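Input: a single structure, listed below in structure tokens.
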């Protein structure tokens, strides 16, 4: 049999198209400041590192469902966000959230020809998840009243790239739509702890005030990568409808999708180390405030709805004498040694925005701010 990976109809990896801009930015006398990817750069908390080391002697196979300590830590964390669990409810640890996002529709039985809805401005892996299941992908706007019939829906709040947060009322509308259409809704909430509008966390699809005790066909995904600089460990989890969670556990038993035992131990510590999580949030808050001030001095504006998450969503102001496209903004920032991601990567329409990540060390953030203030774009 001849392998044919084209059968999935996967798009080109978008970041490859940034290569010439990265090369341009690297020519800056002070070097490249890469704000195009949201990859954590600060140290993983010492307590988490020690937990990993302490569990390094792990000769036996771990379980898909994880240790009882991990189950309890995940439920406690979600409980702090307003989610309730019945006795015996399970959550599903995953090997980072990207593998869960990419494979979830297929693992839940989405078939060729089924319809998967994704946000019309979104993290690219939602589309990939549908293509891997050979499903039909339909981008939709945030209002469920405009959505067509579908089998599976991705939502993402706080949203990547644009940082918008869904209200409890909007989440209730989504749940109502899901009931009417008997569709599974998966909510990617990996930025939930990074709310800059005064809230400790953002409303969840599974909050009691949203679902009133009924989580049928509803799932939430969360990652430790951002809150605990855990990206290199690959630790995340899925919670929600027990019928779906238990089906996923059985499938993953057969296919070997298991979080390594030392990582499970580190996840427990990361979820319990609230002090480190809050300290990391304050680092991002400081970097965000510095960058917002600098981009405003450079003549750009951050979207006023970008009130959460790990990114700025920048554009030239509507009243500016010249409006730049996404790629023109990418080029202008690259000339200043700063690399960002264009809106095109996220199927944003109309284009005109760029995504600027907060994930660089304090020294590099300070350099980026200095360059923006010294050399305005508009």
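Where a number appears in this text, it was derived from the coordinates with a stated rule and is not lab data. In this text the structure is predicted, and so the values were computed from the model without any measurement. Virtual Cβ from ideal backbone geometry, glycine too; neighbours counted across all protein chains shown.
Summary of computed values
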| item | result |
| --- | --- |
| FRET E, pair residue 351, residue 86, Förster distance 45 Å, beta-carbon r, rounded to 0.05 | 0.45 |
| R0 of 41 Å, Cβ-Cβ distance residue 243-residue 9: FRET efficiency to nearest 0.05 | 0.85 |
| Using alpha-carbon coordinates, inclination of helix 362-374 to the longest axis of the chain, degrees | 40 degrees |
| For segment 250-378: span of alpha carbons on each principal axis (Å, largest first) | 58, 33, 26 |
| Protection proxy ranking of 312-320, 119-127, 136-144 - average other beta-carbon atoms within 10 Å, highest first | 119-127, 312-320, 136-144 |
| Inter-part distance where segment 5-76 and segment 330-360 are each reduced to a Cα centre, Å | 20 Å |
| All-pairs Cα distance distribution in segment 33-158, expressed in whole percent, bin size 10 Å | 10, 27, 33, 24, 6, 0 |
| Shape of segment 1-79, Cα gyration tensor, a/c cut at 1.5 | oblate |
| Ranking of 254, 216, 181 by count of other Cβ atoms within 10 Å, fewest first | 254, 216, 181 |
| Relative contact order (percent, whole number), segment 173-287, Cα cutoff 8 Å, 6+ residue spacing | 22 percent |
| Exposure proxy ranking, count of Cβ atoms within 10 Å, fewest first, for 190, 361 | 361, 190 |
| 222 nm mean residue ellipticity, helices alone, for the chain (DSSP H n ≥ 4; -39,500 (n - 2.57); rounded to 500) | -11500 deg cm²/dmol |
| Sorted by Cβ neighbour density within 10 Å, fewest at the top, the residues 356, 277, 267 | 277, 356, 267 |
| FRET efficiency, residue 68 to residue 296 (Cβ-Cβ, R0 41 Å, nearest 0.05) | 0.25 |
| Contact order relative to length of the chain, as percent, for alpha carbon pairs under 8 angstrom and 6 or more apart | 26 percent |
| Segment 252-284 versus segment 91-118: alpha-carbon centroid distance in Å | 21 Å |
| Cα-Cα P(r), segment 133-175, percent of pairs per 10 Å interval | 22, 54, 22, 1 |
